[in-house]
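Rule-based calculations on the coordinates, nothing more; no lab input. Keep in mind it's a predicted model, so treat the numbers as computed, not measured. Positions of Cβ are generated from backbone atoms using ideal geometry, with glycine treated the same way; all protein chains shown enter the neighbour counts.
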Ligand code: MN
Ligand code: MN
C-alpha cells in the first residue's frame, strides 16, 4: 500500500495552531550533541572545584583571568571589548564585557547564585559524648534533614586564627582523605522514629557530624577524644578551639559529579542548584568578544537564605559595581538600569513521575525539554514573585527561536503545593526588566541532585543568545 503523506485538514490545523511540545533530542541543531558533551565535561569540573561559594569564586576568577578579564579599577575609562570583574569579599563575583553601545542603552545581565544547601558548623561546634567526638551543625538553606544522614561528607571552609591569618580547609575531597558522616538510627530500633513526621525524623540538633573516636593520653583524663581531634587540627592548621568562633566551616557531600544512566544523559552531583546556571552564565560571558550590548554576569551568594547580607543579591555591592562601570562612560546608573535586561538564572523543579501528585503536568518542566522560562515564581497566589511581562517573555522566546535554543515554559508544581523564589525580585526592584529561567532539577536541595545534560547545555546556549542578541 502506498504511504499517504497528505495531511488531513485537522492535522494541518493542529500543526499550525497547537503548541508544539516535543523532546529536545528531536529538536537539536547541527553540532549541538558534540558541543553538549564538551560543555558538560567542563561543567562537571566546575562542580568538583567549587563546592562552596568561596571555592566557586576562586575557580571562576581563574577561568576569567585565563579569558583575559582583570579587576575593575574605579574611575578608569572603559572601552568596547574591555573585560573586567570584581570579587565581592571572596564569596560573590561580578563580571562584565563592555559592549559597543553606551551603557545608557543598557546591559544584558545573567544573575545566578553559587551558594547551596549544606550543614554549616556552629561557632562552638566541637564536643565529646560517650567517647565519640562530634561537630554541631546549623543547616543552611531548605533541606529535608533526614537526607543528610549516612552519606559521606567533606569539610570545607576557612578559619581565621587569633593572629588574623586565614587558613583554608578542604578535607575529604582528595583520594585517601578521611571523610565524615552524620548517623541515623538502625531500622531495628526505629519504632518510635517511624511514627514521626518528615521534619522530626531527624532533628536539626541530631545533625551532628562525626569527627573521631580515638582517645589521647592517660585513662584518667576527660574529653580525651575531643582533645585528640583538637590536637590534629592544631597540628594541621595551627588552630585552637577558640578559633572555631571565627571560622566558616561547612560539611558538604563528598561525592564527585558523575554521569547518571546507562546512556549518560544525566549529571548527578551536589550543589547543582544553582551552580548549573552559574556555569552557564559564566561560560557564555567568558566567550564574548566585543558584544553590541555590555554583558554582565553575577554569581551571588546567600540566595538560599534570602539574598541578604553584603554578598547577597540585595547588597549594594552590585549597584556599586554597575555605577563604577557607568562612571567610566559618564552615564547615570538609573538610565543604565531602566534599559537593562536580566535573566535571573536559577533552577526549577523537573517533573518527577515518581511523585506525580505534586505536579500540574500541563505546566511542568521536563528533563530534556530544554532551558525552562518561568514567567513567575512565588508561593500560593504568586506571593513573592517577580512576574515578567508578556512583552518580556515575547522578546526572549523570539531570541531563543532565532538561535535554535530548545526551551520550555513552566512553573514549579501544583499551585497550592508550595513554591519558591529567586534573585529576580531584587533585580526587578532596581528597575531592571527581569525574567526567570534555568535548568529543571530532580531531587532539588538533596545532597545529590540530577539534571539533564541537554537542559544544562541549552541554558548556556540561551545565555549566549541573549548576550549576543
Ligand atoms: Mn536556586
Ligand atoms: Mn535553592
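Calculate for the chain the 222 nm mean residue ellipticity that helices alone would give, adding -39,500 (n - 2.57) per DSSP H run of length 4 or more and normalising by residue count, nearest 500 deg cm²/dmol.
Details: 11 runs with 124 residues, N = 469.
Helices in the chain give a 222 nm mean residue ellipticity of -8000 deg cm²/dmol.
In nm, to one decimal, how far is the residue 397 label point from the residue 259 one, both placed 7 Å along Cα→Cβ?
3.5 nm
Sort 458, 239 so the one with the fewest other Cβ atoms within 10 Å of its own Cβ comes first.
Fewest-to-most ranking of 458, 239: 239, 458.
Counting pairs of alpha carbon atoms under 8 Å apart in space and at least six apart in sequence, what relative contact order in percent does the chain give?
Working: 1005 pairs, mean separation 101.8, N = 469.
Answer for the chain is 22 percent.
Cut-off is 10 Å between beta-carbons; in what order do 386, 222, 344 appear when sorted fewest neighbours first? Display every interim value, and only then the final one.
Values: 386 24, 222 7, 344 33.
Ranked by crowding around the Cβ, least crowded first: 222, 386, 344.
What's the extension gain from residue 41 to residue 150 if we count 0.36 nm per residue and subtract their Cα-Cα distance? Show your work: numbers first, answer last.
On the way: separation 109, 0.36 × 109 = 39.24 nm, distance 2.83 nm.
Here the answer is 36.4 nm.
Taking the Cα centre of each part, how many Å lie between region 181-240 and region 422-455?
Using only Cα atoms to place each centre, the spacing works out to 35 Å.
Any chance you could give the angle, 0 to 90 degrees and rounded to 10, that helix 32-49 forms with the longest Cα principal axis of the chain?
With both axes taken from Cα atoms, the answer is about 30 degrees.
Just want to confirm a number: the relative contact order over region 118-253, from Cα pairs under 8 angstrom separated by 6+ residues, in percent. Could the numbers behind the result be given before it?
On the way: 248 pairs, mean separation 52.0, N = 136.
Relative contact order, region 118-253: 38 percent.
Would you mind getting me the FRET efficiency between residue 26 and residue 360? Use the beta-carbon distance for r and R0 = 30 Å, nearest 0.05. Kindly include the intermediate steps, with their values, before the conclusion.
Values: r = 24 Å, r/R0 = 0.80.
For R0 = 30 Å, the calculated efficiency reads 0.80.
Once both labels are modelled 7 Å past Cα along the beta-carbon direction, what's the residue 417-residue 240 spacing in nm?
Each label point is offset 7 Å from its Cα along the Cβ direction, giving 5.4 nm.
Cα axis of helix 390-402 to longest principal axis of the chain: angle in degrees, 0 to 90, nearest 10?
Between the helix axis and the principal axis of the chain, the angle is about 80 degrees.
Taking Cα centroids, how far is region 152-169 from region 74-126 in Å?
Going from one Cα centre to the other spans 24 Å.
Can you work out the FRET efficiency for the pair residue 290 and residue 390, with r the C-beta to C-beta distance and R0 = 51 Å, to the nearest 0.05?
Numbers: r = 32 Å, r/R0 = 0.63.
Using R0 = 51 Å, I get an efficiency of 0.95.
Stretch residue 177-residue 404 to full length: gain in nm at 0.36 nm per residue minus the Cα-Cα span?
Numbers: separation 227, 0.36 × 227 = 81.72 nm, distance 4.47 nm.
Between residue 177 and residue 404, full extension yields an extra 77.2 nm.
Taking 0.36 nm per residue of separation and subtracting the Cα-Cα distance, what length does fully extending residue 76 through residue 124 add? Walk me through the intermediate numbers first.
Numbers: separation 48, 0.36 × 48 = 17.28 nm, distance 4.47 nm.
The residue 76-residue 124 span can extend by a further 12.8 nm.
Could you put 52, 181, 22 in order, starting from the residue whose Cβ has the fewest other Cβ atoms within 10 Å? Please report the intermediate quantities before stating the final value.
Details: 52 23, 181 15, 22 10.
Starting with the residue having the fewest Cβ neighbours, the order is 22, 181, 52.
Given R₀ = 35 Å, FRET efficiency for residue 222-residue 310 by Cβ-Cβ distance, to 0.05? If you can, show how the numbers build up before the last one.
On the way: r = 41 Å, r/R0 = 1.18.
Efficiency for this residue pair is about 0.25.
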